Amino acid sequence: MAPKLPLISGKDAIKAFTRAGWHLDRISGSHAILRKEGSAVTLSVPLHPELRKGLLRSLIKDAAIDLEEFLAYLIVLGL
């Protein structure tokens with residue numbers, strides 16, 4: 001059974017993705033656009049107080065990282 005995703009803000013998600021090697025490219029309206037060197041994928045993370053679990057799971061999948069790895073980044077950040 002997969003571990004549960006916590007409710008986190010867009011800013012906290014950006015911090016975790018930054019630990020995974022993504023960097024902030026720009027902010028467009030209420031979304032932060034993240035890029036990773038060598039990847040054709042861009043992540044559009046809404047700067048909302050809470051990200052829905054389906055959206056967060058989709059962002060993690062698009063970033064090509066494991067759910068457990070993402071949760072470990074959150075633990076390291078103390079979130």
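None of the figures in this text is laboratory data; all of them are computed from the coordinates on show. Predicted, not measured: the structure shown is a model, and the values here were computed from it. No Cβ is skipped: glycine too gets one built from the backbone with ideal geometry, and neighbour counts run over all protein chains shown.
The label point for LEU77 and the one for SER58, both projected 7 Å from the Cα toward the Cβ, are 2.0 nm apart. Using only the Cα atoms of segment 31-77, each taken as one equal point scatterer with no solvent, compute I(q) by the Debye sum, divide by I(0), and report log10 of the ratio at q = 0.18, 0.26 Å⁻¹. Listed by q, the Debye log ratios stand at -0.60, -1.17. Phi angles across segment 7-20 convert, under the Karplus curve 6.51 cos²θ - 1.76 cosθ + 1.60 with θ = phi - 60°, into 3J(HN,Hα) values of 7, 10, 7, x, 5, 5, 5, 4, 4, 5, 5, 4, 5, 8 Hz, Gly and Pro given as x. Send over the per residue convex hull volume for the chain, Cα only, as a whole number of Å³. So the per-residue Cα hull volume is 83 Å³. Shown is the FRET efficiency for GLU68 and THR18, computed with R0 = 25 Å from the Cβ-Cβ distance and rounded to the nearest 0.05: 0.90.
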